[in-house]
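What follows is a short report on a single structure.
Each reported figure results from applying straightforward, stated rules to the coordinates on display, with no laboratory input. Note that the structure is predicted; figures quoted are calculated from it, not measured. Neighbour counts run over all protein chains shown; Cβ positions are idealised from the backbone, glycine included.
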Amino acid sequence: MAREAPLKNSGALKGHRPELILDEPFDGAWEEPPWPLATEVSSILPRHSWSLVVGLMFRAHAHLAGVGVIRATSDVDALLHLETRAITFPEASAALYASGFELADSGRFAYRFMRGDDKVDVMVADRHAARHAPTFRRSPLFPVPAGTRALSQTSNVIMQREGVEIASFSLPSLQGALALKGAAFLVDQRDHMRHVEDGIVLLSCIQEVSEIREGLAKRSRKRIRSLLKETSENRRVWRTLPSDVQLRAREVLGDMSRAFDVTGTDNSWTQAAQQDLSLRSPKLPVSGQSRRGDRGLGNTAGGGNKGSFAPHLRTEADGSALGSSPHRD
């Protein structure tokens with residue numbers, strides 16, 4: 001289970017990421033691959049310069065929520081925080097090279113670093129890639145669909161063993177994780193079962209449904225809605241998961257389905273968003289022009305009980321999904 005880091009979490013009020021303490025959930029947990037590799041990557045790349053995504057992201061959220069699921073994965077996936085200028089891709093590459101990794105020939109994109117059997121995928125957010133078209137050694141960097149959403153709300157996780165820090169990394173919120181998984185579900189046709197299974201595990205980690213729905217742009221809502229629809233209809237995947245995970249996920253699935261209008265019968269959220277925008281947006285200066293982007297439901301900071309869906313989180317403007325996933329995750 002997670003614990004807030006004492007005192008340090010107050011930094012979130014100043015624009016810093018909140019910190020969470022992640023104690024070793026059971027003896028030997030941090031020795032299970034690829035956690036040792038993630039620990040090493042934490043020491044190689046600058047602190048708070050990257051977020052853990054894909055396979056280990058799901059395992060981290062499961063550990064934080066006390067969900068007993070072992071998510072099989074063999075590599076470490078790092079999404080660089082280029083938006084904060086904490087690191088550049090060449091700097092990340094140089095640091096990995098100094099530790100014995102080499103850039104693999106992975107086809108179109110530059111993203112995979114290998115050292116024997118160790119594999120680290122280094123990627124960038126979709127919106128950054130769309131705006132700047134970054135390259136490395138004449139190859140484009142790999143853009144993660146929904147990566148912009150994921151990086152907009154993260155926590156700094158401190159891994160501990162017996163009270164001693166062994167590693168730290170940035171972790172997208174559950175909202176960001178669901179957006180990432182929804183995007184992967186839509187663009188990766190190779191392993192829908194895995195994406196749905198991950199979606200169920202993430203559902204079992206949710207405590208406040210309102211925190212998942214608030215502030216999402218239209219593209220992110222569509223991504224999560226598609227994943228929820230398949231999760232509701234695909235009964236076979238549920239049977240592959242432990243009964244306690246199924247129970248926890250089903251407890252929030254109904255509220256999530258209503259919040260994201262999975263059945264397509266409730267447009268109250270759309271109406272609320274349109275009304276909010278009409279009250280806040282100035283008149284268009286020239287007829288025929290339109291505003292770009294989806295501002296969501298505003299930048300309100302209210303609370304909300306589970307299932308109430310009161311505005312709570314900040315808004316976003318998602319970038320477009322570019323390409324397809326370089327791996328099954």
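For the stretch 1-172, take N as its residue count and report Rg(C-alpha) divided by 2.2 N^0.38 Å.
Rounded to two decimals, the normalised Rg is 1.01.
Could you state, as a whole-number percent, how many of the C-alpha pairs of the stretch 199-240 are farther apart than 11 Å?
That tail contains 70 percent of the Cα-Cα pairs.
Setting aside same-chain residues fewer than 8 positions from Lys218, which aspartates and glutamates have a Cα under 16 Å from its Cα?
Qualifying aspartates and glutamates at Cα under 16 Å: Asp126, Asp261, Asp266, Asp276, Asp294, Glu316, Asp318.
Where in the stretch 217-260 are there trypsin sites (Lys or Arg not before Pro) that are in a DSSP coil and have at most 16 other Cβ atoms within 10 angstrom of their Cβ? If you can, show how the numbers build up before the last one.
Values: sites: Lys218, Arg219, Arg221, Lys222, Arg223, Arg225, Lys229, Arg235, Arg236, Arg239, Arg248, Arg250, Arg258; in loops: Arg239.
Filter output for the stretch 217-260: Arg239.
Which number do you get for Rg(Cα) / (2.2 N^0.38 Å) in the stretch 119-187?
My calculation over the Cα atoms of the stretch 119-187 gives 1.33.
Starting from the Cα gyration tensor of the stretch 120-271, take the square roots of the eigenvalues, sort them a ≥ b ≥ c, and report rounded, prolate or oblate (rounded when a/c is under 1.5, otherwise prolate if a/b is larger than b/c, else oblate).
Cα axes put the stretch 120-271 in the oblate bin.
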